[in-house]
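**Student:** Encoded as structure tokens, here's the structure I'll be asking about.
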Amino acid sequence: MKRFTITIAAAVLTLGLAGCDENEQKAENTEPAAPQASSTNTFEEVKARGVLQCGINTGLAGFAYTDDNGKWAGFDVAYCRALAAAVLGDPDKVKYVNLTGKNRFPALASGEIDVLSRNTTWTFSRDVKLGFTFVGVSYYDGQGFIGRKKLGVKSAKELDGASICIQTGTTTELNLADFFRVNKIKYEPVPIETNEEARKAYLAERCDVYTTDASGLAATKSTFADADKHMVFPEIISKEPLGPLVRQGDDAWADIARWTLNALINAEEYGVTSANIDEMLKGTKNPEINRMLGTEGSLGEMLGLPKDWAVKALKAGGNYGEIFDRYLGEKTPLGLSRGLNALWSNGGILYAPPMR
Amino acid sequence: MINRTTLTNLWFNKRGRGYLLQLLVLLGVTTLLAIIASNTIANLQKAGLTSGFGFLGDQAFFDINQRLIEYTSQSSFGRALVVGLLNTVLVSSLGIITATIIGFFAGVLRLSDNWLVSRLITAYVEVTRNVPLLLQIILWWAILTSLPKIRDSIPVFGTLFLNNRGLRAPAPVFEPSFIWVFIVFIACLFFTFLLLFWARRRQRRTGKIFPVGLTALALVATVPLIVFFSLGQPITWDIPARTRFNFQGGFNITPELLALWIALATYTGAFISEIVRAGILSVSKGQSEAALSLGLRKNQTMRLIVIPQALRVIIPPLTSQHLNLTKNSSLAIAIGYQDLVSIGGTILNQSGHALEVVAIWMAVYLSLSLATSAFMNWYNKRISLIER
Ligand SMILES: N[C@@H](CCC(=O)N[C@@H](CS)C(=O)NCC(=O)O)C(=O)O
């Protein structure tokens, strides 16, 4: 009965959100996903299903986009792949569900997805009230603004009377309201559902500036034909720690999701890369590495996973640093520097607990 | 004669059996719904997802661009929902009125003897009816947002400004003495009704026609104007002025509202025109021939003979078009018009109270629909009385 009623609730939700779901499920595996019941054992469900259902963006350069082969790729997608590899042994066993800022939480709550990896800010109320568990921070971000250079605006405080594009259902719209109230200036919010719509509205000058996470701004700007005519203001008005999240109350699954992320970060710290991992598997002098790769100890077993779970996860797309460089780094059109997201040992704040 | 009303007897009675079966089905459905509801609530409670409607009093913390009532980010979720509801009501009412007017004209004109006119109308009806509404909404939005930018706004009559952020118009500011103009206006309307009543009775008794229309127009249009000027024009205008980014002052009709309005009105207008055409065709030719041979003029025949009879056929399906329009207005979300569904979705997302918000959505659309039907049913009854 329980399964049944939650399915109905989920169906009602989906109906209620009609208008957004055109974006949903245009991912590669298009068999209609009957929303799964929120169960206390997502791990078993994923294994039984043989596919990880991962919630991602509707499309954001660098984070989740379709590559030349029509496959989903990007920083957020790489995490889905690593998790699928750790759990199912195959990074391709992922069904991607594209979600807007608004419908991502109902999708996770109803069990339509097993994990949400979609530029989502870890906040108190999402963690406590909405009933989710954030498994870590994969990108330390902050909210910024992008505007045309010819506006001659240097700071968001000069935006009195401006029209501002924002994505609804985000922390962005809340921060923006706070910021303008505190600074006692007025603005016209232009609410938008997806980043692509925001891009269109901004380029059509429906709004003077677009505001979202600074990483998202860099991603969006990288797709402009006349990118040099626009600038991201140096000002950051909020803290946006982005990371993957799962349903609350399923600790075993949350552990798997958390330690997969930690393994990617620790691997960078220990110098394990997709290039040298096979070499390292023969045994190293560093016991941390050996435990992580399963050549020593029994970390995998503790999670209920095979010994080589982390090896599989790392082979899916490399360690954190490799993933960052491939999709977001200075050599990509986004050109983001590591900044806060450098390892703690390199002047950043990225710090994963030890593998022991 | 049924003396014993035992169950068996009831079963063998055809009517009784009907009632009994209906009762059983009703009971079954209600029980099922009750089980689903209580289960859902229990499960959601267990998942920490629900706690009643108390959250509606919590602060919303987000801003809304189009608000018909006072609202800030400090206001409550409940108030935000009301803002959304009013936006839904606004666009639906504008849409219903415009669609009905378009529908009537298009329906009548399609029957016109003029080949070009009737073909043009046919093209309009076929195109708008057969392209999905969502696409039309997005198309209108795309057109309206590709209008000239703010700095190249097209001035209309000097004080209206059309640009890709909508239509900015001067807003009237009424001075206190304006109330007299209003009172006189109402009085004139009232007097017009009296006149109408009197003229009808006189015509029935004596057959003499009194030109009510012209008199009423003269009355309602001129008298309040005279009062208005003699009071020294008690209206000032808040004229839009250009600021650094936008216009300030006056009021703005956003491209989102305009696009939704135009799309809903033209789409539903096409359906209504077909209903009107069918209604007119349903009145037998003999009726207008008889009227014409009695010496009524062509437009009189239309107004006095054909339309009243056609209305009886038109009203019921017209009602369902009005209901459709109201429900279709929830496609607003596609272009970011802040209607009930859009704001409800934001609240659902920010507060996590999914079930409550969905319940509110359903309750509101149900009541809006029931209210529209009730009004149209009342009107339908009135119209039907014309039958003799
Ligand atoms: N981090 C914020 C904002 C997240 C957000 O919506 N970001 C935008 C731009 S960075 C995005 O991912 N858009 C992609 C899409 O529309 O699918 C939150 O969690 O509320």
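**Student:** Quick one: which of A:Ser125, A:Ser138 is polar (S, T, N, Q), open to solvent by 10 Å² or more (accessible area, probe 1.4 Å) and without any contact (Cβ under 8 Å) to a residue 40 or more places away in the chain? Steps first, answer last, please.
**Tutor:** Values: A:Ser138 fails: without any contact (Cβ under 8 Å) to a residue 40 or more places away in the chain.
So the residue among A:Ser125, A:Ser138 that is polar (S, T, N, Q), open to solvent by 10 Å² or more (accessible area, probe 1.4 Å) and without any contact (Cβ under 8 Å) to a residue 40 or more places away in the chain is A:Ser125.
**Student:** Determine which member of the set B:Thr222, B:Thr192 is among the polar types (S, T, N, Q) and surrounded by fewer than 12 Cβ atoms within 10 Å (Cβ to Cβ). Can you show your working first?
**Tutor:** Values: B:Thr192 fails: surrounded by fewer than 12 Cβ atoms within 10 Å (Cβ to Cβ).
Among B:Thr222, B:Thr192, only B:Thr222 is among the polar types (S, T, N, Q) and surrounded by fewer than 12 Cβ atoms within 10 Å (Cβ to Cβ).
**Student:** I would also like to ask the following. Taking the residues in segment B:351-388 that are in a helix (DSSP H, G or I) and within 7 Å of another protein chain (Cβ to nearest Cβ) as candidates, determine which candidate is nearest to B:Ile138 (Cα to Cα).
**Tutor:** At the first step, the residues of segment B:351-388 found to be in a helix (DSSP H, G or I) are B:351, B:354-384.
Add one more test, that the residue is within 7 Å of another protein chain (Cβ to nearest Cβ), and what stays is B:354-355, B:358, B:361.
On the way: B:Ala354: 27, B:Leu355: 29, B:Val358: 25, B:Trp361: 23 Å.
Step by step, filter segment B:351-388, then rank; the result is B:Trp361.
**Student:** Follow-up question, since we're still on this one. In segment A:146-165, is there at least one residue being among the polar types (S, T, N, Q), crowded, with 21+ Cβ neighbours inside 10 Å, more than 16 Å from the ligand (Cβ to nearest atom) and not assigned by TED's automatic domain parsing to the domain that holds A:Tyr320? Show your work before the answer.
**Tutor:** Of segment A:146-165, the ones among the polar types (S, T, N, Q) are A:155, A:163.
In the following step, the residues that additionally are crowded, with 21+ Cβ neighbours inside 10 Å were identified as A:163.
This time we only want the ones that are more than 16 Å from the ligand (Cβ to nearest atom), so: A:163.
Retained after the next criterion (residues that are not assigned by TED's automatic domain parsing to the domain that holds A:Tyr320): A:163.
Looking for residues that are among the polar types (S, T, N, Q), crowded, with 21+ Cβ neighbours inside 10 Å, more than 16 Å from the ligand (Cβ to nearest atom) and not assigned by TED's automatic domain parsing to the domain that holds A:Tyr320, one finds at least one in segment A:146-165, hence yes.
**Student:** If you take the residues of segment A:172-187 that are closer than 30 Å to A:Ser117 by Cα and facing another protein chain (nearest Cβ under 9 Å), which of them is most open to solvent (accessible area, probe 1.4 Å)? Step through it out loud before you land on a result.
**Tutor:** To start, the set of residues in segment A:172-187 that are closer than 30 Å to A:Ser117 by Cα comprises A:172-180.
Filter once more, keeping what is facing another protein chain (nearest Cβ under 9 Å): A:173-174, A:176-178, A:180.
Numbers: A:Glu173: 7, A:Leu174: 42, A:Leu176: 0, A:Ala177: 2, A:Asp178: 59, A:Phe180: 3 Å².
The selected residue is A:Asp178.
**Student:** Identify the single condition in (1) surrounded by fewer than 23 Cβ atoms within 10 Å (Cβ to Cβ); (2) modelled with pLDDT of 95 or more; (3) more than 16 Å from the ligand (Cβ to nearest atom) that A:Lys239 does not satisfy, given that it satisfies every other one.
**Tutor:** Among (1) surrounded by fewer than 23 Cβ atoms within 10 Å (Cβ to Cβ); (2) modelled with pLDDT of 95 or more; (3) more than 16 Å from the ligand (Cβ to nearest atom), the lone unmet condition for A:Lys239 is (3).
**Student:** Shifting gears a bit: What is the number of the single condition among (1) within 14 Å of chain A (Cβ to nearest Cβ); (2) without any contact (Cβ under 8 Å) to a residue 12 or more places away in the chain that B:Trp115 does not meet?
**Tutor:** (1)
**Student:** Residues of segment A:177-199 being within 12 Å of the ligand (Cβ to nearest atom) and part of a helix (DSSP H, G or I), which ones?
**Tutor:** Those that are within 12 Å of the ligand (Cβ to nearest atom) and part of a helix (DSSP H, G or I): A:Asn195, A:Glu196, A:Glu197, A:Ala198, A:Arg199.
**Student:** Here is a follow-up. Which of the residues belonging to segment A:279-326 are within 18 Å of A:Gly89 (Cα to Cα), open to solvent by less than 40 Å² (accessible area, probe 1.4 Å) and in contact (Cβ under 8 Å) with a residue 40 or more places away in the chain?
**Tutor:** If the condition is that a residue be within 18 Å of A:Gly89 (Cα to Cα), open to solvent by less than 40 Å² (accessible area, probe 1.4 Å) and in contact (Cβ under 8 Å) with a residue 40 or more places away in the chain, then A:Met292, A:Leu299, A:Leu303, A:Leu305, A:Trp309, A:Ala310, A:Ala313, A:Leu314, A:Ala316, A:Gly317, A:Gly318, A:Asn319 are the ones that fit.
**Student:** Tell me, yes or no, whether segment B:145-159 has at least one residue that is more than 14 Å from chain A (Cβ to nearest Cβ) and in contact (Cβ under 8 Å) with a residue 12 or more places away in the chain. Write out each step before concluding.
**Tutor:** Residues of segment B:145-159 more than 14 Å from chain A (Cβ to nearest Cβ): B:154-159.
Remaining after also requiring in contact (Cβ under 8 Å) with a residue 12 or more places away in the chain: B:159.
Yes.
**Student:** I would also like to ask the following. Considering A:Thr273, A:Thr223, A:Thr295, A:Thr260, which residue is more than 14 Å from chain B (Cβ to nearest Cβ) and within 16 Å of the ligand (Cβ to nearest atom)?
**Tutor:** Sole residue among the options that is more than 14 Å from chain B (Cβ to nearest Cβ) and within 16 Å of the ligand (Cβ to nearest atom): A:Thr223.
**Student:** Please determine whether any residue of segment B:198-213 is surrounded by 12 or more Cβ atoms within 10 Å (Cβ to Cβ) and touching a residue at least 24 places away in the same chain (Cβ under 8 Å). First the steps, then the outcome.
**Tutor:** Taking segment B:198-213 first, the residues surrounded by 12 or more Cβ atoms within 10 Å (Cβ to Cβ) are B:198-200, B:202-203, B:210, B:212.
Now drop any that are not touching a residue at least 24 places away in the same chain (Cβ under 8 Å), which leaves none.
No, every residue in segment B:198-213 fails to be surrounded by 12 or more Cβ atoms within 10 Å (Cβ to Cβ) and touching a residue at least 24 places away in the same chain (Cβ under 8 Å).
**Student:** Any residue that is aliphatic (A, V, I, L, M), open to solvent by 10 Å² or more (accessible area, probe 1.4 Å) and more than 16 Å from the ligand (Cβ to nearest atom) - is there at least one of those in segment A:60-74?
**Tutor:** No.
**Student:** Considering each of A:Gly169, A:Gly142 in turn, give the residue that is within 11 Å of the ligand (Cβ to nearest atom) and in contact with a Gly (Cβ under 8 Å, 6 or more places away or on another chain). Show your work before the answer.
**Tutor:** On the way: A:Gly142 fails: in contact with a Gly (Cβ under 8 Å, 6 or more places away or on another chain).
Result: A:Gly169 is the single residue among A:Gly169, A:Gly142 that is within 11 Å of the ligand (Cβ to nearest atom) and in contact with a Gly (Cβ under 8 Å, 6 or more places away or on another chain).
**Student:** Would you be able to tell me the number of residues in segment A:242-257 that are more than 16 Å from the ligand (Cβ to nearest atom), not aromatic (Phe, Trp, Tyr) and not in a strand (DSSP E or B)? Walk me through how you get there before you give the answer.
**Tutor:** Taking segment A:242-257 as the starting set, the residues that turn out to be more than 16 Å from the ligand (Cβ to nearest atom) are A:247-257.
Restricting the remaining residues to those that are not aromatic (Phe, Trp, Tyr) gives A:247-252, A:254-257.
In the following step, the residues that additionally are not in a strand (DSSP E or B) were identified as A:248-252, A:254-257.
The qualifying residues number 9.
**Student:** On to the next question. Taking into account only those residues within segment B:300-338 that are buried (at least 18 other Cβ atoms within 10 Å of the Cβ) and among the hydroxyl-bearing types (Ser, Thr, Tyr), which is farthest from the other protein chains (Cβ to nearest Cβ)?
**Tutor:** Across segment B:300-338, the extreme among qualifying residues is B:Thr301.
**Student:** If you go through segment A:124-131 one residue at a time, do you hit one that is part of a loop (DSSP other than H, G, I, E, B) and either within 15 Å of the ligand (Cβ to nearest atom) or over 29 Å from B:Ser351 (Cβ atoms) (or both)? Working first, answer last.
**Tutor:** Taking segment A:124-131 as the starting set, the residues that turn out to be part of a loop (DSSP other than H, G, I, E, B) are A:129-131.
Among the residues that remain, those that are also either within 15 Å of the ligand (Cβ to nearest atom) or over 29 Å from B:Ser351 (Cβ atoms) (or both) are: A:129-130.
Yes, segment A:124-131 contains a residue that is part of a loop (DSSP other than H, G, I, E, B) and either within 15 Å of the ligand (Cβ to nearest atom) or over 29 Å from B:Ser351 (Cβ atoms) (or both).
**Student:** Further, regarding this structure: Can you find a residue in segment B:339-353 that is open to solvent by 20 Å² or more (accessible area, probe 1.4 Å), in the same structural domain as B:Val125 (by TED's automatic domain parsing) and closer than 28 Å to B:Ala265 by Cβ? Lay out the reasoning, then the answer.
**Tutor:** Taking segment B:339-353 first, the residues open to solvent by 20 Å² or more (accessible area, probe 1.4 Å) are B:350.
Next, only the ones that are in the same structural domain as B:Val125 (by TED's automatic domain parsing) stay: B:350.
Among the residues that remain, those that are also closer than 28 Å to B:Ala265 by Cβ are: none.
No, segment B:339-353 contains no residue that is open to solvent by 20 Å² or more (accessible area, probe 1.4 Å), in the same structural domain as B:Val125 (by TED's automatic domain parsing) and closer than 28 Å to B:Ala265 by Cβ.
**Student:** While we're on this one: Of all residues in segment B:49-78 being more than 14 Å from every other protein chain (Cβ to nearest Cβ), without any contact (Cβ under 8 Å) to a residue 24 or more places away in the chain and open to solvent by 50 Å² or more (accessible area, probe 1.4 Å), which is nearest to the chain's Cα centre (by Cα)?
**Tutor:** Only one residue tops the list, namely B:Leu68.
**Student:** Restricting the search to segment A:193-202, which residues are closer than 27 Å to A:Gly339 by Cβ and not charged (D, E, K, R)?
**Tutor:** Scanning segment A:193-202 gives A:Thr194, A:Asn195, A:Ala198, A:Tyr202.
**Student:** Still on this structure, please answer the following. Which residue is nearest to A:Ser155 (Cα to Cα), if the candidates are limited to segment A:200-220 and must be in a helix (DSSP H, G or I) and within 14 Å of another protein chain (Cβ to nearest Cβ)?
**Tutor:** Taking segment A:200-220 and keeping what is in a helix (DSSP H, G or I), we get A:200-203, A:214-220.
From what's left, within 14 Å of another protein chain (Cβ to nearest Cβ): A:200-203.
Working: A:Lys200: 23, A:Ala201: 21, A:Tyr202: 18, A:Leu203: 20 Å.
By that ranking, first place goes to A:Tyr202.
The values are calculated or read from the model by the stated rules, or taken from the named source; none is laboratory data. As the structure is a prediction and not an experimental result, all values here were calculated from the model. Positions of Cβ are backbone-derived with ideal geometry, glycine not excepted, and every protein chain shown enters the neighbour counts. With ligands, DNA and RNA removed, areas are computed over all heavy atoms of the protein, side chains included. Shrake-Rupley method; radii C 1.70, N 1.55, O 1.52, S 1.80 Å.
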